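The values are calculated or read from the model by the stated rules, or taken from the named source; none is laboratory data. Everything numeric here is computed off the predicted structure, so don't read it as measured data. No Cβ is skipped: glycine too gets one built from the backbone with ideal geometry, and neighbour counts run over all protein chains shown.
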Amino acid sequence: WPHVTYSLPVTYILSIYIVIKHYSHKFLRGHAFTKIYTCLLVAVVAVIFSLGIYQIYRGDLIKENFPLGMKDSEIIPDNYKATILFLRNNLTPDESFFTMTAEASWYYFIDRPSPCRFPVIIFAMPYFYQNEVVKELEKNNVKFVLYRNSYWASRFDGFSNEERLPVIAKYIRDNFIFYRKIDDNEIWIRKTEHPLNPDTR
């Protein structure tokens, strides 16, 4: 629903533009409109257009979607901060991280590139893409996997990413093991990297 709310004003404005450009001249030709009616039509369009613009600014939608000038710490959710710190402190320069959630922002937060070409992993649903991702995870020395959390977009259609991406999920279950849960973020570690004490940082 947030995406629908953000896009409504733009959709509204474009719809008005299309109606005016492609249909208004036919309507006006078919009726003996006076200058008063024409001015009234223009006024109604102007009011509707202004309401659309007002909605954008009243909801502060531009700043909310493009938070320029804000520090990262102001936009990072509180339940992500400890996980970000853990990953930053426990990855060496040659080690990678992978997230099974639908959040490309994790790679930005920990300053690491995605180990595959699908930072939003739900775009890799076709099986041939899942097989490609598995090869990339094997090749790029992935140490930690953020296997799941409570982020709503990971279950936007009622299915979990484990159900949606069975090939990748099987690879992770075969090669990684649950390590710890930080807030609601479930971290898995490659089996060959698992220490004797999983609570040792």
Given the options 133, 142, name the one that is more than 19 Å from residue 184 (Cβ to Cβ), crowded, with 20+ Cβ neighbours inside 10 Å and touching an Asp or Glu at 6+ places or on another chain (Cβ under 8 Å).
142
Would a scan of region 117-124 turn up a residue that is closer than 18 Å to residue 81 by Cβ and of a type outside the set (D, E, K, R)?
no
Look at residue 81 and say whether it is modelled with pLDDT under 75 and part of a helix (DSSP H, G or I).
no
Scan (1) part of a strand (DSSP E or B); (2) closer than 25 Å to residue 75 by Cβ; (3) free of Cβ contacts under 8 Å to residues at least 40 places away in the same chain for the single condition residue 177 breaks and write down its number.
(2)
Identify the single condition in (1) surrounded by fewer than 17 Cβ atoms within 10 Å (Cβ to Cβ); (2) modelled with pLDDT of 95 or more that residue 92 does not satisfy, given that it satisfies every other one.
(2)
Hey, among the residues in region 138-172 that are under 21 Å from the mean Cα position of the chain (by Cα) and within 13 Å of residue 98 (Cα to Cα), which one's modelled with the lowest pLDDT?
148
Of the listed residues (168, 187, 122, 172), the one being in contact with a strand residue (DSSP E or B) (Cβ under 6 Å, 6 or more places away or on another chain) and assigned to a helix (DSSP H, G or I) is 172
